[in-house]
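Report on one structure; see the data block that follows.
The values are calculated or read from the model by the stated rules, or taken from the named source; none is laboratory data. On a predicted model such as this, the values are computed, not experimentally measured, just so you know. Please note: Cβ atoms are built from the backbone with ideal geometry, for glycine as well, and neighbour counts cover all protein chains shown. When the accessible area is computed, the model is the full protein with side chains, heavy atoms only, and any ligands, DNA or RNA have been set aside. Shrake-Rupley method; radii C 1.70, N 1.55, O 1.52, S 1.80 Å.
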Amino acid sequence: MRGWKFSRRDIIKGSAALAASAYAAPIRAQAPASEAVTPALVEAAKKEGKVVWYTSVDLPVAEKIAKAFEARYPGVAPRVERSGAERVFQRIGQEYGSRIYAADVVNSSDAAHFIVWKRDGLLAPYVPEDVAKHYPADHKDADGMFATWRAWLSVIGYNTDLVKREDAPKSFADLLDPKWTGKIVKAHPGYSGTILTATFQMARDLGWEYFEKLAKQKIMQVQSSADPPKKLSLGERAVMADGNEYNMFLLKESGRPVEIVYPTEGSPLIIGPNGIFKNAPNPNAARLFQSWMFTIEAQQMAIEIGGLRSFHALAKEKPGRKPLKEIKLMKDDAAAVEKQGEDIKARYTQLFRV
Amino acid sequence: MAALTQAAAGHAPARPARLDLSRPIIFTFAAILCVLIVLPLSWLFYYGFVDRAGNFTLGNFRQLVSDRAFVDPLITTFILATTASIVCCAVAAPIGWLVARTDMPVRGFVRLLVTASFVTPPFLGAIAWELLAAPNSGLLNRAFRAVTGAPQDEYLFNIYSFPGLIFVISCYTFPYVFVLVANSLDRIPGDLEDASSILGGKTWTTARRITIPLALPALLAGALVAFLQSMTLFGSPAILALPAGFHTMTTKIWSLFQYPPKPELAAAASLPLLVLTVVLLRAEHMVLGRRGYSVLGGKGAEPRLVRLKFLRWPALAVCLFVLLNPVFLPYGALLNATFSKVATQIVTPQNFTFHNIEFVFFELSATKLALKNTFILGAATATIGTLIALVISYVTARKAVTGHRALGFLATAPVAIPGIVLGVGLFLSYTRPPFILYGTLWILLIAFVTISLPVAYQQLQSAIRAVHSDLEDASRILGATRLQALSHITAPLLRTSVIATWCFVFVGVMRELSAAIMLFTSETKVISVLIFDLNESGDLAAISVLGLFMLIVTFATVMLANRVPGFGGGIRLRNH
């Protein structure tokens, strides 16, 4: 095992930059041209009648997005196939291995998956108009295979009924305090792409010693990164060691007693690209869906009702939420996650025993 | 069914014609059963003994016994199954005795409640117990703190623990012991006890020296069955053990199929479960002998009821207290979560909502497909399974063809295959040529038919045998022809058994998780898998809605089955 020790300076350096390395492919001479939504495309999509979206975004958010699409394009019914990103990845692998082509559009919270799918030639190039016009180069694939549909952070959180603000942890290091033993809930990198990505960034920046110590805190181990916020909200645990920032926003704004902590070491940044699969059973509906997903309308909706972050140039952050640029981030590095993912899962399982 | 029976009977007098028919029957059915059972097991063995490159190796098994990641779950599972089995016996035997042999009030109702815990999907029970006894948010722990004024981090129960898991598993496994014990007590003829009283034995002496010894084999068999059930259960440990940070064998096998999948290790890890199951079933058979051979007829005295006197009501109270755990509390928690804005808060006018129901049936786009798949698979499995079982049990009960024993053996053999092991085997068999069925409902149908075959076979075989003995002959003696006897006596009696069998297979399919979890794809998801998915993302309210819906369908089906004498001796719903 290579050492993943980084100095503090590296951490700060890293969190300053936002290079998304899933998109690090060399820029080709000609990127595919963007395609507008034509009446012919809408007609063809309606003829197919449905679109299957594999995603790892929290189910209620995913279903709301899907419903909004159906309201915009009646006659094209989306079906959401939601599971943890690592499960989705495995399922697609298993299905494609048996020549089952069920997925139209796929969204993953582990950007590394798109490196693999692109390398294996599973993706179809398609550049929606909004992506071409309004997305920064480091959030769209040079060959037009995928683009960042959503972004969010993995954060610390606490239940405000159970923990006073001044007692709340400020950093990842604080979670190792014995006073949190038995009070922490944490999601699993073998299930959640968010947590795999976060675990990679934290292991790189804080070292595996951090997880070795955390594993002794008698954590409650759940699967999805959407679950720790829900467990906080129920009051089942006082603190969460990782989990979706967007679920925390949604719960907090609906009046639940939860509060976000952006750890002083930096918050892991999670990139969630969307792409169309080459063997999509509903290729036209897939394109229509992909196009719509990147419109400012859909992106703003993902922000408002999903608590997510957007790289669409026209998107506005919701007031009351801490703007992304004010938050200290850990640097995401999909290429490294792609190389080390298996290792990280194995090591995690060894430490946390499940 | 009646038509089929008659068709078979129509050939009965003409001996040569029947022989002609019998060969194709036995070959066809033997072939079907071989494909169902032998194919997945062969692949399982093959994979267990090869490495990635396909070379022979014992490395998988070496890793199994040397790697702590496998040894720990193995030990955990053993302790779990042993303890759960003891708990089940300790609870089920007294209740079984009270219901079958005493004058305790509302015994029929108690039986009904046990039936309810019997048909409750164990994974649903586990999730309901999360709502009840999660250490901080659980309803019972909240009530405990509210009553005692204990501080926030004190709790009465922690369901995410080894004892918690044993408790929940016992809740939904003890009915197996109950059924065996109560049925054997029902069957003990009253005249033995009468003889004891005539010879001067007091009520308790008779119970101690006659009744209990006669019921002991059934209890031992129950202990073995409970052990098996607990050992092969997947849903409950996945829901309760993983958050607590430990694995059982079934969850470990399942985790080996997560990315990157390790089918060789999964196959190797499945084999000990398989071997242990075969051994234990063998033991059960030796203990029980020719159990399940019931006689419908006029013989036998009514069993004597022990008079509990002033203990009648306390006895009932104890029974109801026990049944709080598998039935009242969990159902209440699910009902509460269905209508509450926050799953673990008691419904009040302020937080009452229909949103959860609306979400599940109108927003959740996976619901419709999962319901459709479940009903198609349930109906198809029940129909095909019952049909196969009917033919095989007719053939074996009447000893209609040579080799009927082999057919009977093949039909019971799947009992020895734990669901998750069958899932692994079927996955390995049907994701490759010549049969690529993965991704279709067919592979799930095969799994479910295989799993439910022993239940259906045992049911129908004992039904056919029971009818065969006295009544048919009586009818013949009174002058009926064989055909008349069959159509007037056998067919009507069989029809009820066939309906009951169909219903129980249908219910069994709805609650099946451990094979389905290995075999589903996005297009072939069933409700149990959907519920499991929802649990992983923490959507407890949605689970409650789906769970209650499932229970309603289940009870409707059971009610249908119970209109006929259904909850009888041989029924053994698989408990995964």
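Odds and ends about this structure:
- Translational diffusion of region A:39-93, µm² s⁻¹ [Kirkwood Rh, Cα pairs; Stokes-Einstein; 4 °C; 1.567 mPa s]: 108
- Screening chain B for whole DSSP H helices with an alpha carbon extent of at least 27 angstrom along the helix axis and a mean Kyte-Doolittle hydropathy of at least 1.6 yields B:212-232, B:540-562.
- Cα long-axis angle, helix A:193-206 against chain A (0 to 90 degrees, to the nearest 10): 50
- Probe 1.4 Å, protein heavy atoms only - accessible area per residue of region A:29-134 in square angstrom: 36
- These residues, A:191, B:155, B:47, go from largest to smallest accessible area, 1.4 Å probe, as B:155, B:47, A:191.
- Accessible area per residue for region B:421-460, computed on protein heavy atoms with a 1.4 Å probe, is 25 Å².
- Model label zone, residue A:296; criterion: amide N under 13 Å from point 7 Å along Cα-to-beta-carbon; scope region A:127-157: A:130-131, A:133-135
- Of the trypsin sites (Lys or Arg not before Pro) in region B:163-223, those whose Cβ has at most 15 other Cβ within 10 Å and which sit in DSSP loop: B:202
- 10 Å binning of all Cα-Cα separations within the protein assembly as shown, expressed as whole percents from 0 upward: 2, 11, 20, 23, 19, 12, 7, 4, 1, 0, 0
- Whole-number D in µm²/s for chain A (Stokes-Einstein; Kirkwood sum over Cα pairs; 4 °C, 1.567 mPa s): 63
- The B-A contact accounts for approximately 3900 Å² of buried accessible area, totalled over both chains at a 1.4 Å probe radius.
- Accessible surface ranking for B:372, A:252, A:216, 1.4 angstrom probe, highest first: A:216, B:372, A:252.
- Probe 1.4 Å - accessible area at residue A:134, Å² to nearest ten: 50
- Whole-percent carbon and sulfur share, accessible surface of the protein assembly as shown, 1.4 Å: 63
- The ellipsoid that matches the Cα gyration tensor of chain B has semi-axes, each √(5λ) in whole angstrom, of 38, 33, 24, with the longest given first.
- The heavy atoms of residue A:120 offer some 90 square angstrom of accessible surface to a 1.4 angstrom probe.
- To the nearest 10, the accessible area of residue B:147 is 120 Å² with a 1.4 Å probe.
- Residue B:352 versus residue A:173: modelled label distance in nm, points set 7 Å from Cα along the beta carbon direction: 5.3
- Modelled label positions at residue B:375 and residue B:402, each set 7 Å beyond Cα in the direction of Cβ, lie 4.9 nm from each other.
- ³J(HN,Hα), Karplus 6.51/-1.76/1.60, whole Hz, each residue of region A:281-288, x for Gly, Pro: x, 10, x, 6, 4, 4, 5, 4
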